[in-house]
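Student: Quick one: this structure, given as structure tokens, is what I'll be asking you about.
Derivation of every value follows stated rules applied to the coordinates shown; laboratory data play no part. Keep in mind that what you see is a predicted model, and the values were worked out from it rather than measured. Cβ: placed from backbone, ideal geometry, glycine included. Neighbour counts: every protein chain shown.
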Amino acid sequence: MNARTLLGIVALVVVGLLAWELRWVLLVLFGAIVLAVALDVPITLLRRLTPLNRPSALLVVLTALVLIGGWIAQLLLPELVQQIHQFSTLIPAVFDRLMGLLAQVDWISNLQNQLLQPGTLERLQPVGSQLLGFAGGAANSTLQLVLMALLAILLALDPRSHQNIVIALTPQRWRDHSKRVLGECRQALGGWLAGMTLSAVSVFILTWAGLALLKVPLALLSGLVCGLLTFVPTIGPSAATLLPMAVALLVSPATVLQVLVLRLVLQNVEAFLITPLLLSRTVNLLPTVSLMAQLCLGALLGLPGVLLALPLVVVLQVICEELLVKAVMDRWV
């Protein structure tokens, strides 16, 4: 091992340690890149159809998003607020119904008796102390979201300059290839965002309509939760099903079964028809890769890692295909 190789290994270790220490900064930056790509898709389309420059197109897109968001909020927000208030009042009834059903199971009754033994509350006190940091974590997350949005607007305002910075950091003979890889990453990420957004909207509308036909309370709130959690495949749809099933428990056990069948049908339609159809020309992620990425980043970074796992995998898949497979493995004789 010569001195140059040793110096390269030390530099690689230092960069890895520095990246780990700055992981939250890098996470905010990547989230801003995802939002910037989401803004760049309508900006590019608008510039193709009109003679507007990029700052003007960005202003039009942001104004349109605010107006559309305000219009949707005006239509849905009153009913949504009412259902959230209704949900807060239904929580005790749902809890009582669940406890009544669980009391019929022998081992759960024994577990409840063990929890009521003396000394159990003292052992549970550390859990309560951990909950005290929830308010501070929420404030920190809000600040990170604001910084992410500001960075996304700045990146969408002049993406070419930021792209040139990345290209300039690569060796001269690789710059053309790096530019092409960055373009393919942007195309794949934009296609994934567009496809997942349409898929989430479809799940929201279908779930809302299905629960309304079944006369399940809080249909709008349940549909909104199911639509939002579509962005977290594999884990999100299954977790989102718990809310409408818990509310349906107040109606009847038969309604719970109907809601379960409805959600299973919609999940399979979304997973095997809507999402593959929308993403067939952009990116194709295996379910095992998606699940492992969410588990790994969730263990390392918590909930933000789970939310950004799939867009990160989309980018890494393009990079690995271009740099590792085509540039190294395909030429390895």
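Student: Taking other Cβ within 10 Å of each residue's Cβ, how do 241, 63 sort, fewest first?
Tutor: With the sparsest Cβ surroundings first, the list reads 63, 241.
Student: Given charges of +1 on the Cβ of Lys and Arg and -1 on the Cβ of Asp and Glu, with all other atoms neutral, how large is the dipole of region 170-333 about its Cα centre, in debye to the nearest 20?
Tutor: Using Cβ point charges on Lys, Arg, Asp and Glu, region 170-333 gives about 260 debye.
Student: Could you rank the peptides 244-250, 299-305, 323-329 by their average count of other C-beta atoms within 10 Å per residue, with the highest value first?
Tutor: Going by the mean number of other Cβ atoms within 10 Å, highest first, we get 244-250, 299-305, 323-329.
Student: Also: For region 170-333, what does the alpha-carbon gyration tensor say about shape, rounded, prolate or oblate, given a ≥ b ≥ c as the root eigenvalues, a/c under 1.5 as rounded, and a/b over b/c as prolate?
Tutor: prolate
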